[in-house]
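Accompanying notes for the structure given below.
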Amino acid sequence: MTRQTGCFITLEGIDGAGKSTHLGFIRDWLSTHGIAAEFTREPGGTPLGEQIRALLLAVDTEVSLDAETLLMFASRQQLVSSVIRPALQAGRWVVSDRFSDSTFAFQGGGRGVPTERIAVLEDWVQQGLQPDLTLLFDVPLDVASQRMAGSRQLDRFEQEKADFHQRVRSAYLQRAAQDARFRVLDATRSIAQLQQDIAGHLAALLEQR
Ligand SMILES: Nc1ncnc2c1ncn2[C@@H]1O[C@H](COP(=O)(O)OP(=O)(O)OP(=O)(O)O)[C@@H](O)[C@H]1O
Ligand SMILES: [Mg+2]
């Protein structure tokens, strides 16, 4: 079956798992296969969203649980309506570095916001829009924190304690077990091995269209 709309791919995982590392590879793979694609990130991806991102990641700002969750979805609403939907409707593919699974994992699993409340906002903002493929980069916390060590200033989420990140990782794995759009990648492996896997998943998605 051929469809006219583009495919929507999201990259997920705890901080330092390796999501952003593979964006260039995915860009090259899609371009080699003649697929026009847009790349974006969350929170952010629009002028409004990038301002919200700065507010959310700042280490010196107090943010309540609900304010954090609502700001994530405010950024997402702007991104869905002004970037993701128009691109998909025009037949372009969209690759997003994080999307709503991050909110279920971080605000839900990490901070304890009830899943049902997040799901209300997901329905409101996405109106049924879901990724066609979600690549979950899964690594133990010690590997992720070693990878981040020294490489940058830690943001408000990265500064959270290990048990927070452990809950985030578990929430991701739980979600992945319940939805066929996820591919869980053992992200402790080499970048080259991961690229091979990713290429296989992209090829399968292209084949399905
Ligand atoms: N498979 C890998 N093997 C070894 N090092 C890796 C691997 N993947 C990524 N790295 C390194 O780990 C660090 C973190 O990777 P990256 O920035 O892609 O993580 P991320 O998931 O995007 O993190 P964040 O959520 O904080 O943006 C980088 O220095 C990157 O070069
Ligand atoms: Mg990143």
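The values are calculated or read from the model by the stated rules, or taken from the named source; none is laboratory data. Nothing here was measured: the structure is a model prediction, and the numbers come from that model. Note: ideal-geometry Cβ built from the backbone for every residue, glycine included; neighbour counts use all protein chains shown.
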- Just checking, how many residues over segment 32-62 are modelled with pLDDT of 95 or more, of a type outside the set (Lys, Arg) and outside any helix (DSSP H, G or I)? 13
- Task: Return only the number of the condition from (1) among the aliphatic types (A, V, I, L, M); (2) surrounded by fewer than 22 Cβ atoms within 10 Å (Cβ to Cβ); (3) within 16 Å of ligand 1 (Cβ to nearest atom) that residue 37 does not satisfy.
- Result: (3)
- Does residue 145 satisfy being within 11 Å of ligand 1 (Cβ to nearest atom), at pLDDT 95 or above, out of contact with any helix residue (DSSP H, G or I) (no Cβ under 7 Å at 6 or more places or on another chain) and in a helix (DSSP H, G or I)? no
- Within segment 110-125, is even one residue exposed (fewer than 11 other Cβ atoms within 10 Å of the Cβ), in contact with a Leu (Cβ under 7 Å, 6 or more places away or on another chain) and in contact (Cβ under 8 Å) with a residue 12 or more places away in the chain? no
- Residue selected from segment 88-109 under the condition buried (at least 20 other Cβ atoms within 10 Å of the Cβ) and aliphatic (A, V, I, L, M), by the criterion nearest to residue 64 (Cα to Cα): 105
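Quick check on my filter: what residues within segment 133-142 are surrounded by 18 or more Cβ atoms within 10 Å (Cβ to Cβ) and part of a loop (DSSP other than H, G, I, E, B)?
Once the filter is applied, which keeps residues that are surrounded by 18 or more Cβ atoms within 10 Å (Cβ to Cβ) and part of a loop (DSSP other than H, G, I, E, B), segment 133-142 yields only 139.
Does at least one position in segment 65-84 carry a residue that is assigned to a loop (DSSP other than H, G, I, E, B), in contact with a helix residue (DSSP H, G or I) (Cβ under 6 Å, 6 or more places away or on another chain) and within 23 Å of residue 115 (Cα to Cα)?
First, the residues of segment 65-84 that are assigned to a loop (DSSP other than H, G, I, E, B): none.
Among the residues of segment 65-84, not one is assigned to a loop (DSSP other than H, G, I, E, B), in contact with a helix residue (DSSP H, G or I) (Cβ under 6 Å, 6 or more places away or on another chain) and within 23 Å of residue 115 (Cα to Cα), which makes the answer no.
Collect the residues in segment 170-200 that are closer than 15 Å to residue 18 by Cβ, touching a strand residue (DSSP E or B) at 6+ places or on another chain (Cβ under 7 Å) and in a helix (DSSP H, G or I), keeping them in residue-number order.
Across segment 170-200, the qualifying residues are 172, 194, 197, 198.
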- Note on the structure: Checked against (1) farther than 23 Å from residue 184 by Cα; (2) part of a loop (DSSP other than H, G, I, E, B); (3) in contact (Cβ under 8 Å) with a residue 40 or more places away in the chain, residue 157 satisfies every condition except (1)
- Note on the structure: Condition set charged (D, E, K, R) and surrounded by 13 or more Cβ atoms within 10 Å (Cβ to Cβ), scope segment 40-76, selection farthest from residue 97 (Cα to Cα): answer is 68
- Message: Taking the criterion of being basic (Lys, Arg) and surrounded by 17 or more Cβ atoms within 10 Å (Cβ to Cβ), would at least one residue in segment 78-86 satisfy it?
- Response: yes
